[in-house]
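Chemist: My structure is below; once you've seen it, I'll send some questions.
What follows is calculated from the coordinates using simple rules that are stated; it is not laboratory data. Since we're looking at a predicted model, the values are computed, not measured. As a convention, Cβ positions derive from the backbone with ideal geometry for all residues, glycine included, and neighbour counts pool all protein chains shown.
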Amino acid sequence: MKIDPLFAPVKINGLEIKNRIYMPAMQLNMARDFQVTDQLVEFYAERARGGAGMITVGYATIDDFSGSGNFIGAHRDEFVSGLTRLAAAIKENGARAGIQLNHSGRYNHSLLLDGSPPVAPSAVASKLTRETPRALEIEEIPHIIESFARAALRAKEAGFEAVEILSGTGYLISQFLSPLTNRREDKYGGSFENRMRFGLEIVQAARRRLGDDFPIFVRMNGNEFMPGGVGTQELVAFGRTLVEKGTADALCINVGWHEARVPQIVTCVPRGAFAYLPREFKRAVNVPVIASHRINDPQVAREAIDDGMCDMVAMGRALIADPFLPEKAQKGREGEITHCIACAQGCFDNLFRMKSVECLCNPKAGHEQERLLQKTGASKRVMVVGGGAAGMSAALSASEKGHEVTLYEQNGRLGGQLHLAGAPPGREEFAQLAGDLEAQLRARNVRIIFHRTVDEALIKKENPDEVILATGATPVTPPITGANLSNVVQAWDVLQDKVVTGRKVVVIGGGAVGVETALFLAEKGTLSGEALKFLLVNKAESPEYLYELATRGAKEVVLIEMTDGIGRDIGRSSRWVMLQEMARSSILAMSSAKALEITTTGVKIELDGVIEEIEADTIILAAGAAPHNPLFSILEKRSIPAHVVGDARQIAMAFDAVHQGFLAGNGI
């Protein structure tokens with residue numbers, strides 16, 4: 001019988017790890033003034049209980065300029081007690097405990113440094129922060145190297161079993177390595193050998209402090225994805241040098257700088273897309289190599305290991321979405337896993353809001369203490385009306401508390417608007433969430449009734465103790481002359497393939513639904529991935545022509561928005577990617593353009609005071625939605641407690657729907 005490669009133990013410099021699932025360091029914004037908090041401890045304890053082989057926390061700071069107070073502190077002795085508590089929580093719950101050390105360099109903000117400029121190898125402005133750092137004097141560099149080493153020793157004293165040094169992602173070691181940010185003329189600049197020196201000396205200094213038998217990991221880029229930056233072959237050479245001269249015990253390969261224009265973590269990135277990069281390192285070094293990015297499913301992970309692409313897999317946001325993914329995979333319950341859908345709404349977007357990490361798919365993430373689901377002592381008959389994201393989330397939490405739950409859906413499938421969100425190219429993971437939630441409902445034997453509209457007669461017949469209303473929303477028809485013409489359709493119908501659209505289309509409304517609809521239509525007539533590979537490997541067409549065939553569809557798409565911004569209701573992590581995709585697909589996006597009238601031949605708009613008509617075969621309305629909640633007054637009349645969640649309560653994002661549903665079910 002074949003052994004599951006995902007659950008074969010692995011040894012790294014004497015540290016035996018029970019399986020190949022590695023939770024990498026991710027900024028969670030859960031520390032306070034560099035101190036470990038209860039929230040942070042409980043978050044990682046839950047992931048350890050879920051069965052991950054090794055968990056690396058962080059990043060942790062090495063000096064006052066390396067990060068801000070919402071990062072874990074490792075640069076002073078006063079932080080050791082908190083670090084000790086965190087390491088113990090991970091180990092006591094069954095996982096190996098590591099900690100990542102890093103210096104953000106020019107990615108830090110002067111606002112977080114009491115007005116002092118961030119430091120970097122050279123004074124090259126950052127597109128991420130829009131600040132110019134101060135170039136480090138050569139006499140300052142040894143102090144930073146030694147600060148890494150001292151922080152590593154504190155981590156060891158705190159009980160961590162490994163230290164990881166971050167040398168990628170555009171942070172300080174990356175900045176020394178790259179000619180884009182290193183303009184120095186001393187021994188730390190110029191040649192590639194000199195630019196490697198800073199990172200190499202940090203690993204060597206940590207080794208001297210930690211001893212030969214303590215595991216040191218290095219997390220590094222497999223490709224910076226920065227024009228003019230460091231590519232894969234040079235980075236492989238750097239990795240080989242770190243192993244041979246710096247005595248690194250494992251390499252964890254990630255991709256891209258934060259400034260890179262190649263999407264790395266959002267839903268349009270195919271699962272396991274970057275596994276080719278660790279393969280290059282695995283061929284060059286004799287230590288374990290870890291793959292990263294968009295590995296959200298056990299089968300993707302085990303195939304990467306089985307195919308020789310890597311030795312371990314980093315599953316970060318996958319374990320935010322489902323801490324018990326490892327246990328479920330090992331026990332044959334993969335059908336019950338909640339997959340990360342790479343929406344970035346609760347993880348990365350929260351960081352931009354200076355909030356701690358949460359998760360669209362898992363409303364308990366980041367709330368492990370206060371959102372415990374405890375069995376009720378008095379089971380109630382709960383009716384959930386609506387099988388979208390909010391309704392399914394509500395039904396799950398109410399059922400988990402021990403209530404008798406019946407979920408009513410007027411259509412023939414669960415998921416609601418998750419299927420609309422999952423219709424455009426590269427957004428299929430939203431439909432995955434619909435399937436995951438349904439699988440969990442069925443695993444809990446929640447009663448589901450399809451094709452049934454709930455009315456007063458049914459409520460009277462069933463006589464529930466409490467009702468959760470998740471009846472969703474209906475699309476809005478804006479007050480535009482001609483909106484009732486036969487060439488006008490709703491975006492929701494387009495995304496569900498319920499209508500036929502012509503070659504020339506105009507989408508009215510530049511919010512999330514409008515952008516998604518425009519991308520959905522722009523994809524029509526482009527090459528599939530399978531066709532593209534066939535034509536490429538057989539050299540049937542030039543790469544330039546294949547690129548055009550992959551990005552230019554059969555339709556001419558125009559998107560108009562009356563305000564001055566496109567996609568304003570899309571999260572920051574995803575918005576730039578979707579706007580980039582629109583430009584690449586030749587979608588004409590017009591902001592500050594007011595639709596005045598729809599005609600049989602197009603749309604009359606006003607732009608900069610000038611009225612013009614855009615010719616179109618089909619006009620698509622994506623002008624928003626309105627809450628649909630016809631049952632609340634009936635329940636109020638019958639004195640049945642009712643909880644309104646999701647779009648039925650207020651139009652919002654899928655994140656809000658899932659969390660509101662959970663809280664409503666948990667509150668009964």
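Chemist: Of Leu372, Tyr545, Gly170, which is farthest towards the positive pole of the chain's charge dipole, taken about the Cα centre with +1 and -1 on the beta-carbons of Lys, Arg and Asp, Glu respectively?
Modeler: The residue sitting farthest along the positive end of the dipole is Leu372.
Chemist: First measure r as the distance between the Cβ atoms of Glu193 and Gln35, then evaluate 1/(1 + (r/R0)^6) with R0 = 45 Å and state the FRET efficiency to the nearest 0.05.
Modeler: 0.65
Chemist: Find how much the distance from Asp493 to Ala123 grows on full extension, using 0.36 nm per residue of separation minus their present alpha carbon separation; answer in nm with one decimal.
Modeler: 128.0 nm
Chemist: Compute for the stretch 516-668: radius of gyration divided by Kirkwood radius, i.e. Rg/Rh, restricted to C-alpha atoms, rounded to two decimals.
Modeler: 1.12
Chemist: So for Lys355, Lys461, Lys282, fewest C-beta neighbours within 10 Å to most, what's the order?
Modeler: In order of increasing Cβ crowding within 10 Å: Lys461, Lys355, Lys282.
Chemist: In addition: To the nearest 0.05, how large is the calculated FRET efficiency for Val537 and Ala583 if R₀ is 22 Å and r is the Cβ-Cβ distance?
Modeler: FRET efficiency, Val537 to Ala583: 0.20.
Chemist: May I pose another question? Run the quick spin-label model on Arg444 and Leu549: label points 7 Å from Cα toward the beta carbon, then report their separation in nm to one decimal.
Modeler: Taking the simple label geometry, Arg444 and Leu549 are separated by 4.8 nm.
Chemist: Using only the Cα atoms of the chain, what are the Rg and Dmax in Å?
Modeler: 26.6, 83
Chemist: Something else now. Mind jotting down the distance between the C-alpha centroids of the stretch 452-523 and the stretch 177-247, whole Å?
Modeler: 53
Chemist: Then there is this: Over the stretch 488-623, what is the relative contact order in whole percent, taking alpha-carbon pairs under 8 Å and six or more residues apart?
Modeler: 37
Chemist: Next question. Take each of the peptides 243-251, 621-629, 655-663, average the number of other beta-carbon atoms within 10 Å over its residues, and list them starting from the highest.
Modeler: For the peptides 243-251, 621-629, 655-663, the packing ranking is 655-663, 243-251, 621-629.
Chemist: Next question. Would you mind checking Lys127/Lys355; Lys328/Lys375; Lys91/Lys156; Lys328/Lys533; Lys364/Lys401 for any pair whose Cα atoms are more than 25 angstrom apart?
Modeler: Result: Lys328/Lys533 exceed 25 Å.
Chemist: Which net charge results when you count Lys and Arg as +1 and Asp and Glu as -1 among the other residues whose beta-carbon is under 10 Å from that of His293?
Modeler: Local net charge: +3.
Chemist: Normalised by the residues of the stretch 5-352, what does the relative contact order come to in percent, with Cα pairs under 8 Å and at least six apart?
Modeler: About 16 percent, as a whole number.
Chemist: Moving on. Please compute the length gained on full extension between Ser639 and Arg353, using 0.36 nm multiplied by the number of residues separating them and subtracting their Cα-Cα distance.
Modeler: Length gained between Ser639 and Arg353: 99.0 nm.
Chemist: In addition: With a cut-off of at most 10 other beta carbons within 10 Å, and DSSP calling the residue loop, which GluC sites (Glu not before Pro) in the stretch 321-410 qualify? Please list them.
Modeler: Filter output for the stretch 321-410: Glu370.
Chemist: Let me ask another. Among Met315, Met26, Met392, Met196, what is the fewest-to-most ranking by other Cβ atoms within 10 Å?
Modeler: Met26, Met196, Met315, Met392
Chemist: How much of the DSSP bridge set in the stretch 5-352 is antiparallel, in percent, rounded to the nearest 5?
Modeler: 10
Chemist: What angle, in degrees between 0 and 90 and rounded to the nearest 10, separates the Cα long axis of helix 192-210 from the longest principal axis of the Cα atoms of the chain?
Modeler: That helix lies at roughly 80 degrees to the long axis.
Chemist: Fewest first, what order do Tyr171, Tyr545 take by the number of other Cβ atoms within 10 Å?
Modeler: Tyr545, Tyr171
Chemist: Please sort 301-314, 574-587 by packing, taking for each peptide the average over its residues of neighbouring beta carbons within 10 angstrom, highest first.
Modeler: Sorting 301-314, 574-587 by mean packing, highest first, produces 301-314, 574-587.
Chemist: In debye to the nearest 20, how big a dipole does the stretch 488-623 give about its Cα centre with +1 on each Lys and Arg Cβ and -1 on each Asp and Glu Cβ?
Modeler: Charge dipole of the stretch 488-623: 380 debye, to the nearest 20.
Chemist: Multiply the residue gap between Thr600 and Asn463 by 0.36 nm, knock off their C-alpha separation, and tell me the result in nm, one decimal place.
Modeler: This chain segment gains 44.3 nm when fully extended.
Chemist: Using a cut-off of 19 Å between alpha-carbon atoms, which lysines can reach Lys637, once sequence neighbours fewer than 8 places away in the same chain are excluded?
Modeler: Lys460, Lys461
Chemist: I would also like to ask the following. For the stretch 219-306, what is the convex hull (Cα atoms) projected area averaged across all directions, in square nanometres?
Modeler: 5.8
Chemist: Counting DSSP beta bridges in the chain, what percent are antiparallel, to the nearest 5?
Modeler: 20
Chemist: Helix-derived [θ] at 222 nm for the chain: sum -39500 (n - 2.57) over DSSP H runs of at least 4, divide by residue count, nearest 500?
Modeler: -9500 deg cm²/dmol
Chemist: Taking only C-alpha pairs under 8 Å that are 6+ residues apart, what is the relative contact order of the chain in percent?
Modeler: Relative CO of the chain lands at 11 percent.
Chemist: Just to confirm my numbers, what's the Cα centroid distance between the stretch 123-140 and the stretch 361-384 in Å?
Modeler: Using only Cα atoms, the two centres lie 48 Å from each other.
Chemist: Summing Lys, Arg as +1 and Asp, Glu as -1, what charge do residues with Cβ under 14 Å from the Cβ of Phe450 carry, Phe450 excluded?
Modeler: Neighbourhood net charge equals +2.
Chemist: Another one. Tell me whether the stretch 5-352 comes out rounded, prolate or oblate; compute the Cα gyration tensor, take square roots of the eigenvalues as a ≥ b ≥ c, and use a/c under 1.5 as the rounded threshold.
Modeler: Judged from the Cα gyration tensor, the stretch 5-352 comes out rounded (a/c under 1.5).
Chemist: Please figure out what share of the DSSP beta bridges in the stretch 488-623 is antiparallel and state it in percent, rounded to the nearest 5.
Modeler: So the antiparallel bridges amount to about 40 percent of the total.
Chemist: Ok, one more. Could you tell me which of Ala97, Ser292, Ile72 has its Cα farthest along the dipole of the stretch 5-352 towards the positive end, charges placed at Cβ (Lys, Arg +1; Asp, Glu -1), taken about the Cα centre?
Modeler: Ser292
Chemist: Okay, moving on. Kindly express, to the nearest 10 degrees and within the range 0 to 90, the angle between helix 141-157's C-alpha long axis and the longest C-alpha principal axis of the chain.
Modeler: Once rounded, the angle reads 80 degrees.
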